[in-house]
1. Can you tell me the relative contact order of the chain? Whole percent, Cα pairs under 8 Å, sequence separation 6 or more.
2. How much accessible surface does Trp316 have with a 1.4 Å probe, in Å² rounded to 10?
3. Roughly what % of Cα-Cα distances in the stretch 36-91 sit above 15 Å, to the whole percent?
4. Quote the relative contact order of the stretch 3-72 in percent (integer), defining contacts as alpha-carbon pairs under 8 Å separated by 6+ residues.
5. If the convex hull of the alpha-carbon atoms of the stretch 164-225 is projected onto planes in all directions, what is the mean projected area in square nanometres?
6. Rounded to the nearest 5, what % of the DSSP beta bridges within the stretch 245-361 are antiparallel ones?
7. Using Cα pairs under 8 angstrom and six or more residues apart, how large is the relative contact order of the stretch 121-174, in percent?
8. Can you tell me what share of the DSSP beta bridges in the chain is antiparallel? A percent to the nearest 5 is fine.
Amino acid sequence: MTSTTSCPTKYWHALDDGRVQCDVCPRACKLREGQRGLCFVRAREGDAIVLTTYGRSSGFCIDPIEKKPLNHFLPGSSVLSFGTAGCNLACRFCQNWDISKSKEFDTLADAASPEVLARAAVELDCRSVAFTYNDPVIFMEYAIDVADACHEHGIKAVAVTAGYICPEPRREFYAHMDAANVDLKAFTEDFYFHTCGGHLHEVLDTLEYLVHETAVWVEITNLLIPGKNDSDAELDAMTRWVVEHLGPDVPMHFTAFHPDFKMLDVPPTPAGTLTRARAIALRNGVRYAYTGNVHDADGGSTRCPGCGHVVIERDWYVLGSYRVTEHGLCTSCGTAVPGRFDGPAGRFGARRIPVRLAGRA
């Protein structure tokens, strides 16, 4: 295995007491020589903050774009997915904790330069590359370089993120992204503070910034945890906020929790909870509300906002009937379906194909 590469970063400043503060996310870790931030991958070396995992990955996999989840972005296409290690939140229920909470460089078992990764996406017939499994804002320098290399080859860049990032790095990071799925973990400050170690306001600010000030296509995921963030009142407040502040056309995905990491005493989410959340969202004006990671053809399908017909039929990650033109118009009535459509739908399906990129020239 090759050694880990440290990459210079610019979002930090020196403090009067000799520490250096990282300015990428609201956590604002203040570090002395040799210390790492909570994310694990940003560290102080000398009098600066560096990214210690540039060019390294916990693994690469070809997924359906619907798994990110993104239902209105190049439907049916395949995406080359990867992450690194670490995270800047501390969610007790993390579903990828073996990666996001890893503090072992052995987790980073694969490697690829941005150019190699972009060429691999082309060779593997992927329409996009996704920074996922852990939050890409903590390895933003690598993600930006990969996105730029991908764009030179006609490949799109997707961020799967919790949206916990400061305004200045946020502007730079999302200037290089084509789509984002933002994980809105709950709609109370209490949940964010006590269960995730973060704050709700900063995530809502990121959502408003993305929708109103960028060209990034945005969808939202809400993982529903029984008894923690799934009450009718919270779902009502969340979905009303989305419609009022982001508009009715931002898709929302309600997904099921399974016991993991430090939340093993909570049962899995019943399918009925997802259906209930979707009904509340639709009632409050969210036009594209989906149930996720369950078999639910009605809850997973997209309806035309004009005539109401099903225009994209889905069962989990598998597409059925497809009635959208290559420009995103309903074939029945001609109404535009919000999203990013480019040509016919892909037919990648529900496959998951691990790949190794280490050693590729």
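1. Computed over the chain, the figure is 16 percent.
2. 90 Å²
3. Numbers: 947 of 1540 pairs.
In whole percent, the long-distance tail amounts to 61.
4. Values: 103 pairs, mean separation 20.9, N = 70.
Taking the mean separation of contacting Cα pairs over the length of the stretch 3-72, I get 30 percent.
5. On the way: hull surface 16.5 nm².
Mean shadow area of the hull around the Cα atoms is 4.1 nm².
6. Just about 75 percent of them are antiparallel.
7. Details: 52 pairs, mean separation 23.8, N = 54.
Computed value for the stretch 121-174: 44 percent relative contact order.
8. Details: 32 of 58 bridges.
Roughly 55 percent of the DSSP beta bridges within the chain come out antiparallel.
The values are calculated or read from the model by the stated rules, or taken from the named source; none is laboratory data. All values reported here derive from a predicted model rather than from experimental measurement. Neighbour counts are summed over all protein chains in view; Cβ atoms, including those assigned to glycine, are modelled from backbone coordinates with ideal geometry. For the accessible areas, the whole protein counts, side chains as well, though only heavy atoms, and no ligand, DNA or RNA atoms are used. Shrake-Rupley method; radii C 1.70, N 1.55, O 1.52, S 1.80 Å.
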